[in-house]
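What follows is calculated from the coordinates using simple rules that are stated; it is not laboratory data. Remember, predicted model here, so these are calculated numbers, not experimental data. Cβ sites come from the backbone with ideal geometry, for glycine too, and all protein chains shown count toward neighbours.
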Amino acid sequence: MNSWSSFPIGEHLFLFSPMIALIATMLVIVGAPLVAGRGSRTIAGVAVMGIAAGLVLSIRVAMHVGRGTSGFSLQPAAGLLIVDSVSAAFQIILFLFLAAVTYLWWIGSVETESNAPEFFILLLGSAFGMALMVSSTNLLGIVVAIETASLPSYALVGFDKRDRVAAEASLKYMIFGAVSAAIMLYGASLLYGLVGSLSVVDLAHYSITKFADGPPLLLIVGLLCFMAGIAFKISAVPMHFWCPDAFEGAKIEVTTWLSVVSKAAGLILLARLVSIFSGIIDSPRAMSILGPLAWALGLMAAVTCTVGNFAAYKQVSVKRMLAYSSIAHAGYMMMAATAFLHPATNQYATPASALLIYIVIYLFMNLGAFGVTAMIVWHEGNDRIDSFTGLIRRAPWLAVPMVICLVSLVGLPPLAGFLGKWWILLVLGSTGTPLAWILITVLAINTLISLYFYMRLVVVMTLRDDGRPEVKCPIGGVALVNACAAMLLIMFFFAQPMRAAADRYANSFYSTSSAKITQGDAPASTSIQSLSVSDSDDTLFPIYVQRIPPTQEHR
Amino acid sequence: MTIGLTHYLVVAAVLFCGGLFTMMTKRNAVGILIGVELVLTSSILNFVAFDRYLGKGRVDGQITGLFIIVLAAAEAAIAVAICINVYKNLSTVDVDRATRLQG
């Protein structure tokens, strides 16, 4: 009895090859100083080769999964990891942004940095954690992924050992992270005891049956504790205190990394969990749990974006202002996640596509804004708002993309940020619940508030001038931020194709994440092979491979 | 008296509350980390106890316990390194004295 004979090991290894490339690069960087010395340029070269290899592999995986004919997912019911088109697409984005962060590091620190191997090992390690995070559907997997992404990030924030502010920032980040991870694990242990399984799908089914007979206290405590870890990762209120401190204290390239990719990974994880819960919506009793869940998530989202925008109001450090703005944006994206939990939108995967579009737009807006800030920091030595005075004269090629990114962050047309907000509003409006209307009001008011502090920076850059010297900045950095700004314009004018692509991704995301396929027998169109080593039902984490049919027509 | 699931859960809950209390009241970063370790231990105890009493042949909880032990070790390594770095820079690991970043 050799059940491994039917196990497509080669295919599995291929699907996880981008992650394997990350780990291999880390190992090579560990060994490289023995052979080639600790020179920053050598190490960065090795890292870039690894990132390039990972990028190629992740594109191949995305093509493989995207064709549908041989795409597969490890079924959420029992597997630890999922590979679907969304996780594949995220990995492509991950490698692109790794390259961008490496490039920013090259501009900023290649001359002065003496610990390049350690920096890249930590950076690639946290990237590996984020790649795991978007693929996890199991309580243990989620905890391990979040910790794998967080632990290197603490060290990255405090990477400059002589910098007092960085030391303090990493201390605060680490303490918040450790506390939230511990609470999250205690919540996971309670959930395991209640459900008897670590799978999120089982948890969703269990929650439905329990919530129908009145709110079960222990389950609510477990869910809230577990949520603490995810809220920490996306810096949702009340776990947001680390965010501005860590962003201000860290080096600008690390700040860019944390604010852009780390948050996107956390949000995709949240979306996956919420979509698993919403997948059980067919059950008539489902509203008893989805209602309270949606309210809890919606209130958290509303408080998060309000706190973020009000705190950004009075900041003088641009990094800190952008940190609060990223908290506010996490709030907007959580609003889209609440729309998952409503029967009206649930079948069409529209909330998922609105959320995915917003995440992609957010990536480019923030990379552009942080890229410009980075160049000002390198030139002026600080990131106070005064340093941006008269930027339109001193460096027009920085000022114009910065204005574009800021206006897009507010969400005004004709920029992509408007599309993201507009689609979230549409999705919320189509559910038509009281909660949705509250959230729409909150979002509109918050957009008005955010207009003030983003425009303050725009005014300082364009209308004031105190005769500071021109900014000298590397041509590559200018190209990077202008490319981001151009992407924001292009995405706005190609909204329809982008929407179609997002819908396609959302559909596949939905079908792989949704728990529907696990109810009763598997549908005829899918064939599920159980691949357990001992053929008994009690094996540890049996892996189920499910072949999904070719991409469904968008409904 | 036979020892049952409840006993383990009560011990774990006491550990959790002790850890939570420590995390909230201590101002020394190392003290907070001790609180974190207490909470992690309570969750390991929960996982293993549920495994033992919820049915035969379960190993998920025990494996998770092993994972948490490794996580706790990794976290302690990073945390102590950061504490040492903070002590070198600020000559204290009192989190209330770390006040350069505010607002």
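A few comments on the model shown:
- Shape call, the stretch A:135-211: gyration tensor on alpha carbons, a/c limit 1.5: prolate
- Efficiency of FRET between B:Ile34 and A:Ala500 - r from beta-carbon atoms, R0 45 angstrom, step 0.05: 0.25
- Each label was represented as a point 7 Å from its Cα along the Cα-to-Cβ direction; for B:Cys17 and A:Tyr313 these points are 4.0 nm apart.
- A:Arg464 long-range amide H proximity, modeled H, under 5 Å: A:Gly390
- Label-point gap, in nm, between A:Phe241 and B:Leu66 - each point 7 angstrom along Cα→Cβ: 3.7 nm
- Virtual spin-label span in nm between B:Val59 and A:Trp437, 7 Å along Cα→Cβ: 5.6 nm
- For A:Val237, nonlocal amide neighbours, meaning residues 5 or more places apart or on other chains whose placed amide H falls under 5 Å from its own, are A:Thr304.
- Within the shell defined by Cβ-Cβ distances under 15 Å, the residues around B:Ala76 carry a net charge of -3, with Lys and Arg each +1 and Asp and Glu each -1.
- Three-way shape label, the stretch B:5-93, alpha-carbon gyration tensor, a/c 1.5: oblate
- Each Lys and Arg contributes +1 and each Asp and Glu -1, all at the Cβ; summed about the Cα centre of the protein assembly as shown, the dipole is approximately 980 debye.
- Spatial separation of Cα centroids for the stretch A:290-313 and the stretch A:164-205, in angstrom: 20 Å
- Here chain B is treated with +1 on each Lys and Arg Cβ and -1 on each Asp and Glu Cβ, and its dipole about the Cα centre works out to around 100 debye.
- Sequentially through the stretch A:197-209, phi angles give Karplus couplings (6.51, -1.76, 1.60; θ = phi - 60°) of 7, 8, 6, 5, 5, 4, 4, 5, 5, 4, 4, 4, 5 Hz, Gly and Pro residues having no value and appearing as x.
- Of all the options B:Thr92, B:Thr41, B:Thr22, the one that moves most in a Gaussian network model of chain B with Cα springs shorter than 10 angstrom is B:Thr92.
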